[in-house]
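The values are calculated or read from the model by the stated rules, or taken from the named source; none is laboratory data. These numbers come from a predicted model, not from an experiment. Cβ: placed from backbone, ideal geometry, glycine included. Neighbour counts: every protein chain shown.
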Amino acid sequence: MPPIIEISGLRKTYRRSFRQPHNALDGLDLEVAAGQVHGFLGPNGSGKTTTLRALLGLIRVDGGTMRIFGQEVPHRLPEVVGRIGAVVESPQFFKHFSGRLTLQLLAESAGVPKERVEAVLEQTGLRDAAKSAVKGYSLGMRQRLAVAQALLKQPELLILDEPANGLDPAGIHHMRELLQWLAHEQGVTVVVSSHLLSEVQQLCDSMTIVSRGRRIVDGSVAEIIAGHSGASLSVRFPDAASLPEAADALVNAKPEVGAVVERDRLVVTGAPEAAWVTRTLADAGIYLSELVTQTKNLESVFLELTGTAPQPGQTVQVGQSVAVPQTAAPIEVPVAVTPDAGPQAGTEAEEAQR
Amino acid sequence: MNLFKAELRRIARRRLTLVFGILLLAGVVGLAVILASISTEGPDEAALAEAQAQADEMNEQNPDYLDCVEDESYFEDNEMYGWVETDPEYEGMSHKEACEHAVGGWWAEDFLWTYTFDFADEGPFLIVGVMIVAGLVMMLLGSSAIGAEWSSGGMSNLMVWHPNRMRLWGAKLGAALTACAAGVVVLAALAFGLLVLVASLRGEVGVLNGVWWEDTLELVLRTGVLALGMTLLGASLAMLGRHTAIAGGVIAGYLIIGELIVNMVSMNLSMDFPERLSLYTWVGAWITGRIELVGGYTGFNDMTPDVMVITWSDAGALLGGIVLLFAALATWSFQRRDAA
């Protein structure tokens, strides 16, 4: 099945009088497959919102091509817009209109049946607040209203910029379930731009990370995390005195293996597989009490890839993320190392990937 | 059509529309009430008698007047009033009346204040006044309908729903102009009905013949077009500035500072007909149909001043050109500029 969204070489430069031009998009590529929840991540100022705005025809681009449902946009956007629901940068509404009237006017303007208004109010949990004026809504309620208007058209493609912004924990949970239901049960393709990385990790099937207007990496969330987690193992023993002996045993068995004692554990790198460690130690008469495959979460992978990890005594400035060379292909996602060192290691890795 | 209807409904449901609507209705009703309270068909016998008594009382206290009334040869004997004998205005007056006029006696009319509202004479100009105020309010409403959408972020959201910007702009403009036309027509009809009612109850309706209807309809029609033009201008300025305050600021700025500059320029430049620099002159010509500007004398011996005639078609061409220019700029801007 062809991608729902295809973006190639997208460029956008903001030019202002008496200021340096700013390349918001510098040859960005993006592909989103059908029926997935796709995360679109990047540091502040990396071009996420600019990309979404360009896709939706709100801004003109200086180069590159964009396609949605195979149709070139923005030229043919009017033909496909009926299949797209979108929220860009927390849209504001007339403060004195009720939530219901806001949705009714949008529905009427696009010929959407009136029944859809009540349906989306129910779906987003705004049924009881529908009569109230928007000025009395909290940030989270306004966000729900924004998502409700995006759902009005029963879209095949849902584009959401920071959908969890302002939502309470129950709201975030509800939103996650709703989006996953839409994607996996209803076949809706969902693109989510967010800075809540733990949320993206739980919600998204695939993702694209961008920096300074270019793609750094894309692929399945699990594979990207696994691909950047390395193969380090944390090994503990019933008796801490065994640590030096165990390190020697491993290094002697395979010189390329690294074994470093850290407090009450041994950190092993370069081991072919977890089972090799347990076997080698057992052969040396040393029995371990715990073996854990050390995996990273999305936050640490993101910070590493974008070069925005905070350094002691320094503040990372906006726009100081990693620059991707002009000719660089997106980072290949290595095949994940599958830990087979027992149920504990596997559970930990899966937990991290979830 | 759905978009147009939704935009019309959006304007109708705005709180500003409600507030302006109430204020305009209250204004028209208030005008009728004031006219009804000050207009009378004429003093009754008792009021006339009371006024005459007051005038007589005052005259009794004026010795010159008393001398004049008592002395039939007062004007002949008194050099100061010798001219009365020859002034044609005093021809046919009784001696007492001549004394009242020349020496300054009091009349019953001095103690009566009566105003009779004549609809045929004054009605059309009052209706035009109501329409101009309604047009100004509609201009604010039209600019707010565009400006508030931009400043609230609602415009971007609407553009996500309707990416064809010309269609969106057309629907918004159409809705603003329709609301303006409906508002102006309703207020003009209400003003017409109330003023006729006031005239028939407390004044004079006058003669509403074919000529009156023709003149009045022309006046009202041109004022209605002016109101639509103002709405279009307000909406276009709001689209260009992307804020209601920009439109309001430009218009208020012109009305205050612009006119001041025009007056200063006209005083310091030795140009003929400096009034033509002011838009008010052209607006006046558009509404009344014709305006004459009187200039200086052409020569030393020629006592006939230059006259510049501005007709409604001249004024329409200039004012229409200005409005269409801003509308075209707004259209170009909306089509080309990024949504912030």
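When the stretch B:144-162 is filtered for residues that are facing chain A (nearest Cβ under 8 Å) and either in contact (Cβ under 8 Å) with a residue 40 or more places away in the chain or assigned to a helix (DSSP H, G or I) (or both), the ones remaining, listed by number, are B:ALA148, B:SER152, B:GLY154, B:SER156, B:ASN157, B:LEU158, B:MET159, B:VAL160, B:TRP161, B:HIS162.
For the stretch B:43-74: of the residues being polar (S, T, N, Q) and part of a loop (DSSP other than H, G, I, E, B), which is nearest to B:LYS96 (Cα to Cα)?
B:SER73
Of the residues B:ASP71, B:ASP64, B:ASP77, the single one that is outside the structural domain of B:LEU194 (by TED's automatic domain parsing), surrounded by 12 or more Cβ atoms within 10 Å (Cβ to Cβ) and free of Cβ contacts under 8 Å to residues at least 24 places away in the same chain is B:ASP71.
Within the stretch B:252-280, track down each residue that is closer than 17 Å to B:LEU319 by Cβ and in contact with a Leu (Cβ under 7 Å, 6 or more places away or on another chain). Within the stretch B:252-280, B:VAL262, B:GLU275, B:ARG276 qualify.
Within the stretch A:78-101, the set of residues being aliphatic (A, V, I, L, M) and buried (at least 22 other Cβ atoms within 10 Å of the Cβ) comprises A:VAL81, A:ILE84, A:ALA86, A:VAL87, A:VAL88.
Among the conditions (1) away from chain A (no Cβ under 14 Å); (2) within 30 Å of A:PHE93 (Cβ to Cβ); (3) in contact (Cβ under 8 Å) with a residue 40 or more places away in the chain, B:ALA55 misses just one, which is (2). The residue that is surrounded by the fewest Cβ atoms within 10 Å (Cβ to Cβ), counting only those in the stretch A:102-124 that are in contact (Cβ under 8 Å) with a residue 40 or more places away in the chain and more than 12 Å from every other protein chain (Cβ to nearest Cβ), is A:GLN123. Within the stretch B:206-225, being buried (at least 18 other Cβ atoms within 10 Å of the Cβ) and small (Gly, Ala, Ser) holds for one residue alone: B:GLY224.
Of the residues making up the stretch A:197-209, those that are assigned to a helix (DSSP H, G or I) and either surrounded by fewer than 18 Cβ atoms within 10 Å (Cβ to Cβ) or of a type in the set (Ser, Thr, Tyr) (or both) are A:SER198, A:GLN202.
Residues in the stretch A:64-101 that are at the interface with another protein chain (Cβ under 9 Å from one of its Cβ atoms) and of a type in the set (S, T, N, Q): A:SER90, A:GLN92. Among the conditions (1) under 30 Å from the mean Cα position of the chain (by Cα); (2) farther than 30 Å from A:HIS173 by Cβ, the only one that A:THR293 does not satisfy is (2). Looking across the stretch B:1-42 at every residue that is surrounded by 12 or more Cβ atoms within 10 Å (Cβ to Cβ) and not in a helix (DSSP H, G or I), the one that is nearest to the chain's Cα centre (by Cα) is identified as B:SER39. Within the stretch A:152-182, being closer than 22 Å to A:ARG53 by Cα, aliphatic (A, V, I, L, M) and either buried (at least 23 other Cβ atoms within 10 Å of the Cβ) or away from chain B (no Cβ under 14 Å) (or both) holds for A:LEU158, A:ILE159, A:LEU160, A:ALA164, A:LEU179. Exactly one residue out of A:ALA271, A:ALA241 is crowded, with 20+ Cβ neighbours inside 10 Å and over 30 Å from A:TYR14 (Cβ atoms): that is A:ALA271. With respect to the stated conditions, B:GLY203 is touching a strand residue (DSSP E or B) at 6+ places or on another chain (Cβ under 7 Å), of a type outside the set (Val, Ile, Thr) and surrounded by 19 or more Cβ atoms within 10 Å (Cβ to Cβ). For B:VAL323, indicate whether it is of a type in the set (A, V, I, L, M), in a helix (DSSP H, G or I) and over 18 Å from the mean Cα position of the chain (by Cα). Here the answer is yes, as B:VAL323 does meet what is asked.
Could you grab me the full set of residues in the stretch B:85-107 that are loosely packed, with under 11 Cβ neighbours inside 10 Å and either charged (D, E, K, R) or not in a loop (DSSP other than H, G, I, E, B) (or both)? Full working, then the answer.
Of the stretch B:85-107, the ones loosely packed, with under 11 Cβ neighbours inside 10 Å are B:86, B:88-89, B:91-92, B:94.
Listed by number, the residues that qualify are B:PRO88, B:GLU89, B:GLU91.
Rundown of residues vs (1) of a type in the set (Ser, Thr, Tyr); (2) buried (at least 20 other Cβ atoms within 10 Å of the Cβ); (3) touching a strand residue (DSSP E or B) at 6+ places or on another chain (Cβ under 7 Å), yes/no style:
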| residue | (1), (2), (3) |
| --- | --- |
| B:THR114 | yes, no, no |
| B:PHE125 | no, no, no |
| B:GLY153 | no, no, no |
| B:ASN164 | no, no, no |
| B:VAL186 | no, no, no |
| B:ALA191 | no, yes, no |
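Of the set (1) β-branched (Val, Ile, Thr); (2) under 22 Å from B:VAL137 (Cβ atoms); (3) touching a residue at least 12 places away in the same chain (Cβ under 8 Å), all apply to B:VAL19 but (3). Kindly indicate whether B:GLY203 is farther than 18 Å from B:VAL283 by Cβ and either among the hydroxyl-bearing types (Ser, Thr, Tyr) or at pLDDT 95 or above (or both). It is false that B:GLY203 is farther than 18 Å from B:VAL283 by Cβ and either among the hydroxyl-bearing types (Ser, Thr, Tyr) or at pLDDT 95 or above (or both). Count of the stretch B:42-89 residues, restricted to those that are among the aromatic types (Phe, Trp, Tyr) and touching a Cys at 6+ places or on another chain (Cβ under 7 Å), is 2. Within the stretch A:161-188, being within 14 Å of the chain's Cα centre (by Cα) and at pLDDT 85 or above holds for A:ASP161, A:ARG176, A:LEU179, A:GLN180. Every test in (1) hydrophobic (A, V, I, L, M, F, W, C); (2) in contact with a Gly (Cβ under 8 Å, 6 or more places away or on another chain); (3) within 14 Å of another protein chain (Cβ to nearest Cβ) is passed by B:ALA12 save one, and that test is (2).
Results for (1) touching a Ser or Thr at 6+ places or on another chain (Cβ under 7 Å); (2) within 14 Å of another protein chain (Cβ to nearest Cβ); (3) not in a helix (DSSP H, G or I), shown as yes or no for each residue.
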{"position": "B:GLU109", "(1), (2), (3)": "no, no, no"}
{"position": "B:ALA134", "(1), (2), (3)": "no, no, no"}
{"position": "B:GLY142", "(1), (2), (3)": "yes, no, no"}
{"position": "B:GLY174", "(1), (2), (3)": "no, yes, no"}
{"position": "B:ALA191", "(1), (2), (3)": "no, no, no"}
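More than 24 Å from the chain's Cα centre (by Cα), within 16 Å of B:VAL160 (Cα to Cα), assigned by TED's automatic domain parsing to the domain that holds A:GLU156 and not β-branched (Val, Ile, Thr): does that describe A:PHE97? Don't jump to the end; show me each part of the working.
Values: more than 24 Å from the chain's Cα centre (by Cα): yes; within 16 Å of B:VAL160 (Cα to Cα): no; assigned by TED's automatic domain parsing to the domain that holds A:GLU156: yes; not β-branched (Val, Ile, Thr): yes.
Answer is no for this residue.
To keep it simple, each residue is scored yes or no on (1) among the charged types (D, E, K, R); (2) under 18 Å from the mean Cα position of the chain (by Cα); (3) surrounded by fewer than 13 Cβ atoms within 10 Å (Cβ to Cβ).
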{"residue": "B:GLY253", "(1), (2), (3)": "no, no, yes"}
{"residue": "B:GLY258", "(1), (2), (3)": "no, no, no"}
{"residue": "B:ASN263", "(1), (2), (3)": "no, no, no"}
{"residue": "B:SER266", "(1), (2), (3)": "no, no, no"}
{"residue": "B:PHE273", "(1), (2), (3)": "no, no, no"}
{"residue": "B:SER278", "(1), (2), (3)": "no, yes, no"}
